[in-house]
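The values are calculated or read from the model by the stated rules, or taken from the named source; none is laboratory data. Source: prediction; values computed, not measured. Here the Cβ positions follow ideal geometry from the backbone for every residue, glycine too, while neighbour counts run over all protein chains shown. These area figures cover heavy atoms from the full protein model, side chains too; ligands, DNA and RNA do not enter into them. Shrake-Rupley method; radii C 1.70, N 1.55, O 1.52, S 1.80 Å.
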Amino acid sequence: MLLLLACTSANVGFGDSDRPAADSASDSHTSDTFDTAEHLGPDTAAVPEASGPHSVTLDCPGSPPADGKITCDLQVVGNDGTVWWNGPAGIGLHGRSSSGFPKPQWAVELRDDSGAQVSADLLDMGSEADWLLNGMWIDRALLRNKIAYDLFRDLTADHDWAPESRYVEVTYNGSYYGLFALVERIDRDGGRVDIPEDDGTGSSFLVKADEVGIVSSVQYGLWSVLYPTSPTAEQTAGITARIGQMESLIAVGDDAVWDQLDLDSAVAFVLLEEGLKNNDGFFLSHHLYTRADGKLGFVPWDLDLSCGQPSYNDNENPRSWLAYRPTLVAQMPATAQFSPRMEEMWAEWRAGDLADDALDARIDGIVADLGDSVDRNFERWPIEDVDFYGYLYDVGSHEEEIHRVKTFLHARFAWMDEEVGSY
């Protein structure tokens, strides 16, 4: 609490940052030979999508730990009855502040009967071993991360990658645990961050803003290497040199940085974080990866403290920019290309998926699909009991929260229409 009060002007330390690379990163698992047939139901290739959340059942021999994982029995069943997984999985607590929430986040690693990790498609999101069950404790709208990731994919011209998610109702050790989002982890994989295998020099990589890793001169965090998963000294040196080159150019506002960093990816990343006014934006958890053209691109992560919450750093005010802007972002407008592209892209977004009616339709569609599961969730976890160190506004119902989110975003987007050119 003292740390929070001391850091309210700097936006420090209260995001749900992922844990270091050892528990979150993985190579592509497409070469696994484990026969998943014994753990899966019927062929899912032509299964039509039904509405409503899916279901997850977890049976664990003890409490999932904060460090590491315990092996549990996991069943994932689609809302049409299709069994997507029925077998072992490693389960552990996920996050920093979120690891202490009453409703948890769980890291999930699919395993075979010997305990080795194995890939499988879950709910038509592609085959991988590593997943996240996000309890959405502080997101009383139950959609902040989902719309952020979906919008990043839908609004970027190349449909840049961001995690997919599906809503599930979880039963844990026989008890109903409410609505969760089953989310893709940010890993190197053909269906996720699709980058080539590194040649041993560190030319192909995935890094995350974290509190361990390669030193950064342009942001609060360091760069934690997620791929390669166990980098050699040569690979680490190559990644360090590449990031250092990009950082030295951005620090002085040199347009040559856009030969290193993809301009559209950077603009889209800034617009997403600012558009939803993510309190943790630009601080920790964002990712960089080497794109097919060799440039670096962004992947967003962790936007549950957004859309008008929490009540510090002026976050409830839709008419101000984010309080924290590191050199990595602050110097982007110093280049000649960034601001014109930002204005142009914002106009494109506002004419499409970020038009007020389009945004409302997206939100209303999610709420409609969730149906009665929202009531069941808040019967289990009363909405008036949801707290984040006393920094959430009072809300009496999910309907009221959805109204607040829409009202905030309408006001914010209208303000940004006028101000984006002066960012």
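Here are the numbers:
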{"read-out": "Rounded Å value of the spacing that divides the Cα centres of region 307-344 and region 79-131", "value": "34"}
{"read-out": "Two-decimal Rg to Rh for region 171-310 - Kirkwood Rh, Cα set", "value": "1.02"}
{"read-out": "Percentage relative contact order, region 240-296, counting C-alpha pairs under 8 Å, at least six apart", "value": "33"}
{"read-out": "Percentage relative contact order, region 281-420, counting C-alpha pairs under 8 Å, at least six apart", "value": "27"}
{"read-out": "Length released on extending from Asp387 to Ala241, taking residue separation times 0.36 nm less the Cα-Cα span", "value": "48.3 nm"}
{"read-out": "Extension reserve of the Asp353-Glu399 stretch, reckoned as 0.36 nm per residue once the Cα distance is removed", "value": "14.4 nm"}
{"read-out": "Burial ranking of peptide ranges 306-312, 393-399 (average Cβ count within 10 Å, highest at the top)", "value": "306-312, 393-399"}
{"read-out": "Förster radius 41 Å - calculated FRET efficiency between Ser51 and Val218, Cβ distance, rounded to 0.05", "value": "0.40"}
{"read-out": "Heavy atoms of Trp349: accessible area, 1.4 Å probe, square angstrom to 10", "value": "10"}
{"read-out": "Reachable lysines from Lys103, criterion Cα separation under 27 angstrom, eight or more residues apart if same chain", "value": "Lys69, Lys146, Lys208, Lys277, Lys406"}
{"read-out": "Trypsin sites (Lys or Arg not before Pro) restricted to region 313-399 and DSSP loop, no more than 13 other C-beta within 10 Å", "value": "Arg319"}
{"read-out": "Accessible area per residue in Å² at 1.4 Å probe, computed on the chain", "value": "37"}
{"read-out": "With DNA, RNA and ligands ignored, accessible area of Trp381 (1.4 Å probe; Å², nearest 10)", "value": "30"}
{"read-out": "Which of Ile366, Ile70 is most accessible, then next, and so on - probe 1.4 Å", "value": "Ile70, Ile366"}
{"read-out": "Accessible surface of Glu348 - all protein chains present, 1.4 Å probe, nearest 10 Å²", "value": "90"}
{"read-out": "From the coordinates shown, Rg and Dmax of the Cα atoms in Å corresponds to which of (1) 27.1, 90; (2) 20.9, 59; (3) 22.7, 87", "value": "(2)"}
{"read-out": "Per residue, the convex hull volume that the Cα atoms of region 66-206 enclose (Å³)", "value": "145"}
{"read-out": "Mean residue ellipticity (222 nm) of the chain, computed from DSSP H runs ≥ 4 via -39,500 (n - 2.57), nearest 500", "value": "-8500 deg cm²/dmol"}
{"read-out": "Asp364-Ala323 pseudo-label distance in nm [points 7 Å out on the Cα-to-Cβ vector]", "value": "3.5"}
{"read-out": "Accessible area of region 284-383 belonging to carbon and sulfur atoms, whole % at 1.4 Å probe", "value": "47"}
{"read-out": "Mean separation of Cα contacts under 8 Å (6+ apart) over length of the chain, as relative contact order %", "value": "16"}
{"read-out": "Radius ratio Rg over Rh of region 294-423, counting only Cα atoms, Kirkwood formula for Rh", "value": "1.01"}
{"read-out": "Summed residue charge, Cβ within 12 Å of Ile70's Cβ, Lys/Arg positive, Asp/Glu negative", "value": "-2"}
